[in-house]
Amino acid sequence: MQSIGKFTDDFRHQGMRKKLIENLREKGITDDAVLAAMNTIPRHFFLDMAFEKIAYEDKAFPIAADQTISQPYTVAYQTQLLQIKKGDRVLEIGTGSIYQTTILAEMGAQMIFTIERQKKLFDLQKNYVFKGKFLNIKFFYGDGFEGLPTYGPFDKILITAAAPFIPPKLVEQLKVGGYMVLPVDEGDNQRMLRITKKTDGSVLHEQFEEFSFVPMLTGKNA
Ligand code: SAH
């Protein structure tokens, strides 16, 4: 059992989490490192305490500012495509609940820069439950379409909201050989894409399954 602040992770939570991980494996997630990270990090620490049980269902769930914590399958899927390596510098767009960010940290990324455009959600970092554990996460309040030119280039870029197009400034901030994983609009749903930056600066596209994300919007929201 572990307790951090007001949160406790006991055998019931661990049991529910184990079932969720088995469920993700059945749905086709194969990367053991991703499954291990998701088995280690208690997802119920990222939701209101009233929703402990729901935290271990494979569902997206409302958080503040009309946004959602991504579905566990989606988190696993995007993380698997990113192939996080120890030492990676990662840029994440859409901090939201900080759950996906924490999974990237648990996977061993060296530095994680995460941007959120909703002030209410950005402010969640003040009470971030793993503040003392993951000192390598840097939180930014801003517009993800701009990226963070002064901190780039990045080995990996992850967008956790539905992008209307591939943001050109983020492609610029991707290292050669680096991956950007993002859901791109196709009407009601989005197609998951993985972009690889080639030596000549051009990009390779790979297409995966369809998902449904909240929209990636320009500017900031107070
Ligand atoms: N990874 C988060 C997902 C939250 S939903 C989690 O699992 O909790 C997507 C998030 O992207 C929302 O919080 C939304 O406010 C944010 N977002 C949308 N457009 C953005 C932009 N241009 N820059 C930064 N964040 C953005």
Name the one entry in Met49, Met1, Met38, Met16 that is of a type in the set (A, V, I, L, M), modelled with pLDDT of 95 or more and open to solvent by 40 Å² or more (accessible area, probe 1.4 Å). Met16
Could you check the range 169-181 and list, in sequence order, the residues that are without any contact (Cβ under 8 Å) to a residue 60 or more places away in the chain and either closer than 13 Å to Leu82 by Cα or open to solvent by 70 Å² or more (accessible area, probe 1.4 Å) (or both)? Lys169, Glu172, Leu174, Val176, Gly177, Gly178, Met180
Checking Ile137 against (1) more than 26 Å from Asn23 (Cα to Cα); (2) in contact (Cβ under 8 Å) with a residue 12 or more places away in the chain; (3) over 14 Å from the mean Cα position of the chain (by Cα), which test does it fail? (3)
Please go through the range 52-100 and pick out each residue that is within 7 Å of the ligand (Cβ to nearest atom) and of a type in the set (S, T, N, Q). Gln67, Thr68, Ser70, Thr95, Ser97, Gln100
Test: residue in the range 158-174 that is of a type in the set (Phe, Trp, Tyr), within 18 Å of Leu91 (Cα to Cα), more than 16 Å from the ligand (Cβ to nearest atom) and modelled with pLDDT of 95 or more: no
Of everything in the range 97-115, what is open to solvent by 10 Å² or more (accessible area, probe 1.4 Å), in a loop (DSSP other than H, G, I, E, B) and out of contact with any Phe, Trp or Tyr (no Cβ under 9 Å at 6 or more places or on another chain)? Give them in sequence order. Met107, Gly108, Gln110
Checked Thr150, Thr218 against criteria (assigned to a loop (DSSP other than H, G, I, E, B), closer than 22 Å to Ile63 by Cβ and not acidic (Asp, Glu)); the one match is Thr218
Of the residues Pro149, Pro215, which is under 14 Å from Arg89 (Cβ atoms) and open to solvent by 50 Å² or more (accessible area, probe 1.4 Å)? Pro149
I need the full set of residues from the range 186-197 which are open to solvent by less than 90 Å² (accessible area, probe 1.4 Å) and either assigned to a strand (DSSP E or B) or within 24 Å of Asp155 (Cα to Cα) (or both), in order please. Asn189, Gln190, Arg191, Met192, Leu193, Arg194, Ile195, Thr196, Lys197
Anything in the range 40-68 that is under 19 Å from Lys131 (Cα atoms) and of a type outside the set (Asp, Glu)? List them, or say none. Thr40, Ile41, Pro42, Arg43, His44, Phe45, Phe46, Leu47, Met49
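The values are calculated or read from the model by the stated rules, or taken from the named source; none is laboratory data. The structure presented is a predicted model; accordingly, all values stated were derived computationally and were not measured. Quick reminder, even Gly has a Cβ in these numbers, built from the backbone with ideal geometry, and neighbours come from all protein chains shown. Please note that ligands, DNA and RNA were not included when accessible areas were found on the heavy atoms of the full protein model with its side chains. Shrake-Rupley method; radii C 1.70, N 1.55, O 1.52, S 1.80 Å.
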